[in-house]
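Taking it in order: structure first as structure tokens, then the write-up.
The values are calculated or read from the model by the stated rules, or taken from the named source; none is laboratory data. Please read all numbers here as calculations on a predicted model, not as lab measurements. Neighbour counts run over all protein chains shown; Cβ positions are idealised from the backbone, glycine included. Please note that ligands, DNA and RNA were not included when accessible areas were found on the heavy atoms of the full protein model with its side chains. Shrake-Rupley method; radii C 1.70, N 1.55, O 1.52, S 1.80 Å.
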Amino acid sequence: QKEVEQDPGPLSVPEGAIVSLNCTYSNSAFQYFMWYRQYSRKGPELLMYTYSSGNKEDGRFTAQVDKSSKYISLFIRDSQPSDSATYLCAIPRGGGSYIPTFGRGTSLIVHP
Amino acid sequence: ETGVTQSPTHLIKTRGQQVTLRCSSQSGHNTVSWYQQALGQGPQFIFQYYREEENGRGNFPPRFSGLQFPNYSSELNVNALELDDSALYLCASSTRGRETQYFGPGTRLLVL
């Protein structure tokens, strides 16, 4: 079993929709979770990080962790065509390192 | 502030050859990490360099090797190329102890 799993999509939504992107993780000891965004022909960029308690909001983006089901989510409100990208969830490699171990990413398409 | 740059952008090699990829880290960053991203997959950690020494390695064979220079730029060398080495190779720089990694645009390698 991989440490973090994501549905690759693609997920296609109309502009203005609320988007829910999800990952499951295998090790309940994980305490820190990251979301990266990767545009076509670009490297990933860190979008948000969150610790294992509660929600974290940043503008139109909200990251949520459900420890009981080992589920992490990223919600995008009022989605825009410029949000079209691949979204990668990641957990730290461990041993005090924040080097990310990535899921395979979910491709999001927001059409006008 | 200059971001992470990588060269070349694209490369075609044949099986058995050797390749060197280059990365210039973002100004002020002293740590460089390399990742391999196969098509449709998330980036996989190859290794990290800090102060010119390898500081962590993923599940990659010894034919993947690297260097970091006093100006914190870095090289990734791959010997005896295999078809499965075809991928996007990403470099990321960071400051030791800080969570955020800043990725370059990558080098796309095709092995024929």
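Over all orientations, the protein assembly as shown has a Cα convex hull whose mean projected area works out to 12.6 square nanometres.
Here, region B:1-79 is characterised by an Rg to Rh ratio of 0.96, where Rg is the alpha-carbon radius of gyration and Rh the Kirkwood radius.
Using heavy-atom solvent-accessible surface (probe 1.4 Å) with all chains present, what is the largest-first order of A:76, A:18?
Values: A:76 0, A:18 125 Å².
Putting A:76, A:18 in descending order of accessible area: A:18, A:76.
Accessible-area loss of 30 Å² or more (1.4 Å probe, protein heavy atoms, chain alone versus all protein chains) is found in region A:29-43 for A:36, A:38, A:41, A:43.
Take the accessible area of B alone and of A alone, subtract that of the pair with a 1.4 Å probe, and the total buried over both chains is about 1500 Å². Here's how it looks for residue A:101: its modeled amide H is under 5 Å from those of A:91, A:93, which are all 5 or more places away or on a different chain. Calculated accessible area for the protein assembly as shown comes out at 49 Å² per residue, all protein chains present (probe 1.4 Å; ligands, DNA, RNA ignored).
When only Cα pairs under 8 Å and 6 or more residues apart are kept, what is the percent relative contact order across chain B?
This gives 37 percent for chain B.
By its C-alpha gyration tensor, with a ≥ b ≥ c as the square roots of the eigenvalues, how is region B:34-104 shaped: rounded for a/c under 1.5, else prolate for a/b larger than b/c, else oblate? Walk me through the numbers on the way to the answer.
Details: a/c = 2.06, a/b = 1.37, b/c = 1.50.
Here region B:34-104 falls in the oblate category.
Size estimate for chain A follows the Kirkwood approach: the inverse of mean 1/r over distinct Cα pairs works out to 14.1 Å. Remark: the protein assembly as shown carries a charge dipole of roughly 240 debye about the Cα centre, counting +1 on each Lys and Arg Cβ and -1 on each Asp and Glu Cβ. Remark: mean inter-chain Cβ contacts per residue of B:46-57 equal 1, using a 10 Å Cβ-Cβ cutoff to other protein chain atoms.
Please get the size of the charge dipole for chain A, origin at its Cα centre, with Cβ charges of +1 on Lys and Arg and -1 on Asp and Glu, quoted in debye to the nearest 20.
Values: 11 positive and 10 negative charges, 58 e Å.
Computed about the Cα centre, the dipole is about 280 debye.
For region A:20-34, putting each phi into the Karplus relation 6.51 cos²θ - 1.76 cosθ + 1.60 with θ = phi - 60° gives couplings of 10, 10, 9, 9, 10, 10, 9, 9, 5, 7, 4, 10, 9, 9, 10 Hz, in residue order, rounded to whole numbers and with x for Gly and Pro. In region B:69-112, burial by the other protein chains removes 20 Å² or more of 1.4 Å probe accessible surface, compared with the chain on its own, from B:99, B:100, B:101, B:103, B:105.
Expressed as a whole percentage, what fraction of the accessible surface of chain A belongs to carbon and sulfur atoms when a 1.4 Å probe is rolled over the protein heavy atoms?
Values: 2630 of 5480 Å².
Answer for chain A is 48 percent, counting heavy atoms of protein chains only.
Only lysine pairs 8 or more places apart or on separate chains count here, and in chain A those with Cα atoms under 20 Å apart total 4.
How large, in percent, is the carbon and sulfur part of the accessible surface of region B:3-71 at a probe radius of 1.4 Å? Could the numbers behind the result be given before it?
Details: 1720 of 3600 Å².
Roughly 48 percent, rounded to a whole number.
Only one residue of A:38, B:58, A:105 has its Cα farthest out toward the positive end of the dipole of the protein assembly as shown, where Lys and Arg carry +1 and Asp and Glu -1 on Cβ, and that residue is B:58. In terms of overall dimensions, the C-alpha atoms belonging to region A:1-49 reach 37, 21, 19 Å along their principal axes, ordered largest to smallest. The charge dipole of chain B, taken about its Cα centre with unit charges on the Cβ of Lys, Arg, Asp and Glu (plus for the first two, minus for the last two), comes to roughly 100 debye.
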